[in-house]
Amino acid sequence: MSENEVIEKEEGKGFDKFELFTAILLGFAAIGTAFGGYQSSLWGGKSTEAYGEAATIATKAAAERSHAVTTMSHDQSVDIQAKRLIVEGADALEDGDNGYAQRAFEVASYLYAAQLSDTAYKKFEFPEENRKDKTKNVEIKPEVLLDSLSKELEADYVNEMQAESKKGFEESDKKFDEGRKANDIGDSFDLDVVIYTVALFFAGISLVFKTGIRWKFFYLGVVVFLIATVYLLMLPKA
C-alpha cells in the first residue's frame, strides 16, 4: 500500500470523538493546574511578605516597650527623690528652717519640671507654664508640690506609657494573621492542583484502553475535573 493510500484511508476514518473529548479534558485540566499553581505562588508571596512585616513591627514595638519601661523607671525614681525632698522641706518649715525648706522645694521643683516625662508631668497635674522651657529652673510653688504628695503614677499612667507598644504588638498580630490566612489559601490552591492532577491521571489512563471501559475512566476524570474547578472558583484570587 502506497503512502497516499494510507493517508486516504486514515482521512476516511475521520477523528475519534473519544480522543477529541479526552484531549479537551486534558487541556482544561492542564490550564487549571497551571492557574492553581500560579495562585499558590502569589499567596505564598503575600504570606512571606506579611510575616516579614509582622516581625518588623513586633521588633519596633518591643523597642518601644523597652523605652517605655526605662522611662517609667526614671519617672518613679524622680518621683521618689522629689517626694523625699518635699517631705524634708515641709519638716524644715515646721522647724523654722526656711532656708533648707526653700532649697529642698527648689530641687524638688527642678526634678519635676525638668526630669519627668511629659506623660508623668501631666498625671501630676502640674502647671503647664512650668514645663514650657526645661532649660530654665522655673519654680513650682511649694503648695503645689505639697499637694502632689497625695498623687502617684498609677495604672492609667502605665497604660498610657505602654499604649504605643501595645498598639504595635496588636498590629503585628494582625499582620501575622494575614500571613497565616494567605498561607492557608496558598495551601488550598496546592490541594486544588493535586485534584486537577488526579483528573489528568484518569483522562490520560483512559487513552490506554481500547474497550468501553475507557469511557468510565474518562467520565471519572470529568467528575474530578469539575470538583477541582468548582473548588478553584470558590477560592479567593490574589
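Every number here is computed from the coordinates shown, using simple stated rules; none is lab data. Remember, predicted model here, so these are calculated numbers, not experimental data. Because the Cβ atoms are built from the backbone with ideal geometry, glycine has one as well, and the counts that use them run over all protein chains shown.
Among 43, 215, the ranking by other beta carbons within 10 Å of each residue's beta carbon, starting with the fewest, stands as 215, 43. Other residues whose C-beta falls under 10 angstrom from the C-beta of residue 37 contribute a net charge of -2, scoring Lys and Arg +1 and Asp and Glu -1. Hydrophobic long helices, here whole DSSP H runs in the chain with Kyte-Doolittle means of at least 0.5 and Cα atoms spread over 30 Å or more along the helix axis, are found at 213-234. Residues whose amide H lies under 5 Å from that of residue 124, counting only those 5 or more places away or on a different chain, are absent; hydrogens are built 1.01 Å from N in the peptide plane. Report the residue, chosen from 168, 212, 186, that carries the largest GNM mean-square fluctuation when the chain is represented by alpha-carbon nodes joined by springs under 10 Å. In this elastic network of the chain, the residue with the biggest mean-square fluctuation among 168, 212, 186 is 212.
A value for Kirkwood radius over Cα pairs in Å was derived from the coordinates, and within the list [x] 19.1; [y] 18.0; [z] 25.0 it appears as [z]. Taking the fewest neighbouring Cβ atoms within 10 Å as the starting point, the ordered list for 66, 148 is 66, 148.
Compute a Gaussian network model of the chain, connecting alpha carbons closer than 10 Å, and tell me which residue from 158, 208, 87 fluctuates the most. Ranking 158, 208, 87 by mean-square fluctuation puts 208 first.
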